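The values are calculated or read from the model by the stated rules, or taken from the named source; none is laboratory data. Keep in mind that this is a model prediction, so the values were computed, not measured. Please note: Cβ atoms are built from the backbone with ideal geometry, for glycine as well, and neighbour counts cover all protein chains shown. Heads up: the accessible areas ignore ligands, DNA and RNA and are worked out on the full protein's heavy atoms, side chains in. Shrake-Rupley method; radii C 1.70, N 1.55, O 1.52, S 1.80 Å.
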Amino acid sequence: MDLDPGKCWATPKKDSWRTTLLLAYQSLGVVYGDLSISPLYVYKSTFAEDIHHSETNEEIFGVLSFIFWTLTLVPLFKYVFIVLRADDNGEGGTFALYSSICRHAKVSLLPNRQIADESLSTYKLEQSPDREYNSKVKMLLEKYKFLHTALLILVLLGTCMVIGDGLLTPAISVFSAVSGLELSMSKAHHEYAVIPITCFILVCLFALQHYGTHRVGFFFAPIVLLWLICISALGLYNIIYWNPKVYEALSPYYMLKFFRKTKKQGWMSLGGILLCITGSEAMFADLGHFSYAAIQIAFTFLVYPALILGYMGQAAYLSRNHQNADRISYYVSVPESLRWPVLVIAILASVVGSQAIISGTFSIINQSLSLGCFPRVKVVHTSDKIHGQIYIPEINWILMVLCIAVTIGFRDIKHMGNASGLAVMAVMLVTTCLTSLVIVICWHKPPIVALFFLLFFGSIELLYFSASLVKFREGAWLPILLALFLVTIMFVWHYATIKKYEYDLHNKVSLEWLLALGPTLGICRVPGIGLVFTDLTSGIPANFSRFVTNLPAFHRILVFVCVKSVPVPFVPPAERYLLGRVGPASLRSYRCIVRYGYRDVHQDVDSFETDLVRRIADFIHYDWCRPQANSVQGNEDHTCASDRSSGEHRLAVVGDTEFLRTPAFEVDENMQQVSVSFGFQTVESIGDIVEMSAPKERRVRFSIDEPENPLDAQMREELEDLMAAQQSGTAFILGHSHVKAKQGSSVWKRLAINYGYNFLRRNCRGPDVALKVPPASLLEVGMVYVV
């Protein structure tokens, strides 16, 4: 089932103001949940140990000045006005930046790339100006293979830090919200109540994930909106009641006074201040669910002012109440009569913020999985209507256990804040580096512009990152350890996947071998459809030759299926299938390349099988009718399908769409891509776009009229064979691989392949489970890969 990914390939149109405002409202619950709850723990984490609130108020005003300018420069200027423009067909996030770079420069390590992929309507390339510096930057990246690997590791590091944030944010958010109970009970009771209540809420939060956020999502935006109104109203009250001149602390001069007095301790306290921008990355990561204008409006006119008022209100209260210097908390600035309602709203807001980051973690792991950078896990789509709503059971329960372990192990805001802060700044640094490359390679701006962006925002983030790094022994070790562990797993999996593909590529069987198979060699054809899954886009995979060698028979209809990922967020369903013949028409052998983007929803087996048969029938109709159409036009240089060369024929994009962009690209082994849309003329020229009225969907019927010429008779016979094979059943032929390093390999390679990859392969989902193949229809072929 192909879920509608929204606007990614629809005709672009400007949203109305009403639609934009509605999207801005909805984005509150999804995008800003994490960012909006940061006032709960920023001041408490900042004043936990390194600095102390004194009578001079230089510390509290200096911290407020840092918070104001950090919120202004990073979320507002960097993300809202710059990074959000670096979208990939409306999608954001680390993989969106990497995808854009890979399309504009040949730096991708993904296997089985085809020139034909560039004909996708979502494969947008900006026209490159003739500028020497642009060519030099691209040539530098494309020339050195180690830069390709370094770029991938940088992306994987950012991905791992997002996963780490998904582990730490629920813990610190819920814990800080529940900590408000300390003002309503004794210290002895408080210590025994906060941890169990926090763990209970976390267990409930993760246990409800399999229902999907769409079932309770309509509650999210009102909760966050109520919370933002609450903190802004309380902030305004505290400013007016306690210190109306607190606005003077917004001057950068107070940052200098802060450092002049606190010196090294003030620098170390930046690890707590940076928590005010946790959740900023969500604005870019969740861009695909909303629009640039909606996210910009929501942050600029609601979230940003509310946060500034909230922080100013806390600073105003603390500047006049030094008796609470040893117990700085958000709740001490809340009037006593309002503490319980604020506590309830804060807990609900923390759950919403945690839900957003957990969903984001599922999403980025799914993207890593699509690009071959993560071991196979089960992905459950929780909504048939809302694209991207997924649930990964294994990751969910691992996150829950680790989240509870962090809560019980750290037991305080300080350690959790140190760990969360380092993960947040690492993700932002990765985004800054990748955006700098996008500015040069994709936007074709002068390198000095990218360098200024990198130095300006990179220096701010490095300052905060260094302050977090010195807290290594006080909690910051956790995201570093987690990132190293996950990067190792992801890189080993990706490395072994690439090596397996290279082995398949070097050991594929020639087409002549397949054509030579026949009754004279004792080979028989059995009824049914055989789907041979392979990573190859051309040639006969070695696992099929091994299958025929051990079992001298194969199906009457044979389809070599390659399910591949392309560096785009979505592939329109009408452009998903590339179909062609393998050998002459009498062999009844086809090649099907199924292309998915990194945010696409993969089809289930039943719908895929039905859809594939229909597409093959459409292709057969096209392939036999094309010579007749050409002869009507006077083109006599095309021969009929049965008389063509016995090599691999050109691939055709088979699908129904209102417009076609169908260049004739050369593919491996002289295969070419054309487009098929029945009832319309095929576009043969490169880059042509034909505007057409909405076509009537044409389904191939297997019972056709009596043939008027031999070509119709042969087409009817082939369609009847396909129908009979479908009724006989479908078999899925997959390789069951064991990978080992070849003799003479280095110790690191042997450890990675023989132990690391094979351990992951044995303990993670197999390809049959990932493809949801019924066990009764599965044929596995054992293969040993020596790489």
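Which of the residues spanning the range 559-571 are open to solvent by less than 10 Å² (accessible area, probe 1.4 Å) and touching a helix residue (DSSP H, G or I) at 6+ places or on another chain (Cβ under 8 Å)? Talk me through it step by step, then tell me what you get.
We begin by selecting, within the range 559-571, every residue open to solvent by less than 10 Å² (accessible area, probe 1.4 Å); these are 559-562, 564, 566, 568-571.
Listed by number, the residues that qualify are Val559, Phe560, Val561, Val566, Val568, Pro569, Phe570.
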I'd like to know if the range 61-80 contains one or more residues that are within 13 Å of Gln296 (Cα to Cα) and without any contact (Cβ under 8 Å) to a residue 40 or more places away in the chain. yes
Does Val31 satisfy the condition of being in contact (Cβ under 8 Å) with a residue 60 or more places away in the chain and within 24 Å of the chain's Cα centre (by Cα)? yes
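From the list Ser350, Ser291, Ser333, pick out the single residue that is of a type in the set (Gly, Ala, Ser), surrounded by fewer than 23 Cβ atoms within 10 Å (Cβ to Cβ) and on the phi < 0 side of the Ramachandran plot.
Values: Ser350 fails: surrounded by fewer than 23 Cβ atoms within 10 Å (Cβ to Cβ); Ser333 fails: surrounded by fewer than 23 Cβ atoms within 10 Å (Cβ to Cβ).
Step by step, each of Ser350, Ser291, Ser333 is checked, and only Ser291 is of a type in the set (Gly, Ala, Ser), surrounded by fewer than 23 Cβ atoms within 10 Å (Cβ to Cβ) and on the phi < 0 side of the Ramachandran plot.
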Give me the pairs: first residue in the range 88-113 and of a type in the set (Asp, Glu), second residue open to solvent by 20 Å² or more (accessible area, probe 1.4 Å) and part of a loop (DSSP other than H, G, I, E, B), beta-carbon distance under 8 Å, and six or more apart or on different chains, which are they? Glu91/Arg599
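On the given criteria, is Arg327 farther than 26 Å from Phe175 by Cα, surrounded by fewer than 18 Cβ atoms within 10 Å (Cβ to Cβ) and either over 36 Å from the mean Cα position of the chain (by Cα) or not assigned by the TED database to the domain that holds Asn57 (or both)? Can you show your working first?
Values: farther than 26 Å from Phe175 by Cα: no; surrounded by fewer than 18 Cβ atoms within 10 Å (Cβ to Cβ): yes; either over 36 Å from the mean Cα position of the chain (by Cα) or not assigned by the TED database to the domain that holds Asn57 (or both): yes.
For Arg327, the condition - farther than 26 Å from Phe175 by Cα, surrounded by fewer than 18 Cβ atoms within 10 Å (Cβ to Cβ) and either over 36 Å from the mean Cα position of the chain (by Cα) or not assigned by the TED database to the domain that holds Asn57 (or both) - is not met.
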Inside the range 51-69, can you point out the residues that are surrounded by fewer than 21 Cβ atoms within 10 Å (Cβ to Cβ) and either part of a loop (DSSP other than H, G, I, E, B) or among the hydroxyl-bearing types (Ser, Thr, Tyr) (or both)? His52, Ser54, Glu55, Thr56, Asn57
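Looking for something modelled with pLDDT of 85 or more and closer than 28 Å to Pro341 by Cβ - is there at least one such residue anywhere in the range 154-169?
Yes.
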Between Phe95, Phe81, which is surrounded by fewer than 24 Cβ atoms within 10 Å (Cβ to Cβ) and either closer than 26 Å to Ser179 by Cβ or among the aromatic types (Phe, Trp, Tyr) (or both)? Phe81
Out of the range 360-377, which residues are open to solvent by less than 10 Å² (accessible area, probe 1.4 Å) and assigned to a loop (DSSP other than H, G, I, E, B)? Cys373, Pro375
Kindly indicate whether Ser119 is open to solvent by less than 10 Å² (accessible area, probe 1.4 Å), among the polar types (S, T, N, Q) and either on the phi > 0 side of the Ramachandran plot or in the same structural domain as His148 (by the TED database) (or both). yes
State whether the residues of the range 278-287 include one that is in contact with a strand residue (DSSP E or B) (Cβ under 9 Å, 6 or more places away or on another chain) and open to solvent by less than 20 Å² (accessible area, probe 1.4 Å). yes
Within the range 574-595, the count of residues that are open to solvent by 10 Å² or more (accessible area, probe 1.4 Å) and farther than 22 Å from Asp721 by Cβ comes to 2
Tell me, please, whether a residue that is at pLDDT below 85 and closer than 30 Å to Lys136 by Cβ can be found in the range 26-39. no
Determine whether the range 398-406 contains at least one residue that is open to solvent by 10 Å² or more (accessible area, probe 1.4 Å), assigned to a helix (DSSP H, G or I) and of a type in the set (Gly, Ala, Ser). yes
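Part of a helix (DSSP H, G or I) and crowded, with 19+ Cβ neighbours inside 10 Å: is that true of Ile240 in this structure? Working first, answer last.
Values: part of a helix (DSSP H, G or I): yes; crowded, with 19+ Cβ neighbours inside 10 Å: no.
Against the criterion (part of a helix (DSSP H, G or I) and crowded, with 19+ Cβ neighbours inside 10 Å), Ile240 does not qualify.
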Among the residues listed as Asp535, Asp600, the single one being open to solvent by 30 Å² or more (accessible area, probe 1.4 Å) and among the acidic types (Asp, Glu): Asp535
Single residue of Leu234, Leu256, Leu208 found to be modelled with pLDDT of 90 or more and surrounded by 14 or more Cβ atoms within 10 Å (Cβ to Cβ): Leu234
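On the basis of being assigned by the TED database to the domain that holds Val178, under 26 Å from Ile67 (Cβ atoms) and crowded, with 22+ Cβ neighbours inside 10 Å, does Val470 make the cut?
Details: assigned by the TED database to the domain that holds Val178: yes; under 26 Å from Ile67 (Cβ atoms): yes; crowded, with 22+ Cβ neighbours inside 10 Å: no.
No: the conditions fail for Val470.
Output the number of residues of the range 231-258 satisfying the condition of being more than 41 Å from the chain's Cα centre (by Cα), farther than 24 Å from Ser337 by Cα and either not charged (D, E, K, R) or not assigned by the TED database to the domain that holds Phe68 (or both). Steps first, please.
Step one: list which residues in the range 231-258 are more than 41 Å from the chain's Cα centre (by Cα), which gives 237-246, 248, 253, 257.
Now restrict to residues that are farther than 24 Å from Ser337 by Cα: 245-246, 248, 253, 257.
Of the ones still in play, those that are also either not charged (D, E, K, R) or not assigned by the TED database to the domain that holds Phe68 (or both) are 246, 253.
Looking only at that region, the number is 2.
Do we have Ser459 as of a type in the set (Ser, Thr, Tyr), modelled with pLDDT of 90 or more and either under 20 Å from Phe66 (Cβ atoms) or in contact with a His (Cβ under 6 Å, 6 or more places away or on another chain) (or both) here? It would help to see each step written out before you state the result.
On the way: of a type in the set (Ser, Thr, Tyr): yes; modelled with pLDDT of 90 or more: yes; either under 20 Å from Phe66 (Cβ atoms) or in contact with a His (Cβ under 6 Å, 6 or more places away or on another chain) (or both): yes.
So Ser459 fits the description; yes.
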Taking the range 729-747 and keeping residues surrounded by 15 or more Cβ atoms within 10 Å (Cβ to Cβ) and either at positive phi or not in a strand (DSSP E or B) (or both) leaves Ala741, Ser745
